[in-house]
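The values are calculated or read from the model by the stated rules, or taken from the named source; none is laboratory data. This structure is a prediction, so every number in the text was calculated from the model and none was measured. Ideal geometry is used to build each Cβ from the backbone, glycine not excepted, and the neighbour counts take in all protein chains shown. When the accessible area is computed, the model is the full protein with side chains, heavy atoms only, and any ligands, DNA or RNA have been set aside. Shrake-Rupley method; radii C 1.70, N 1.55, O 1.52, S 1.80 Å.
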Amino acid sequence: MQRMPARVFATLLTSETASLTSAELAARLRVSRAAVSGAVRYLTQVSMVTRERDPGTRCDRCVLHSGL
């Protein structure tokens, strides 16, 4: 696995809710939102995370699959 997807995955694993927005991920990792977007796209393709829409907002939330 490449470095940025690994960092995003590890951050999601260590978060209390196992879900964060891309802005929260970017702030925690101190990287651009574009880097987070590419990493989440990869993790989605390999079925490690999913993107869910927060109700009433325009933000997507990255959520770990429950089987991991």
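Points to keep in mind about this one:
- Tally, over region 30-43, of residues that are open to solvent by 60 Å² or more (accessible area, probe 1.4 Å) and free of Cβ contacts under 8 Å to residues at least 40 places away in the same chain: 5
- Considering residues of region 12-28 that are open to solvent by 20 Å² or more (accessible area, probe 1.4 Å) and touching a residue at least 12 places away in the same chain (Cβ under 8 Å) only, the residue nearest to V63 (Cα to Cα): A18
- Test: residue in region 2-10 that is of a type in the set (A, V, I, L, M, F, W, C) and open to solvent by 70 Å² or more (accessible area, probe 1.4 Å): no
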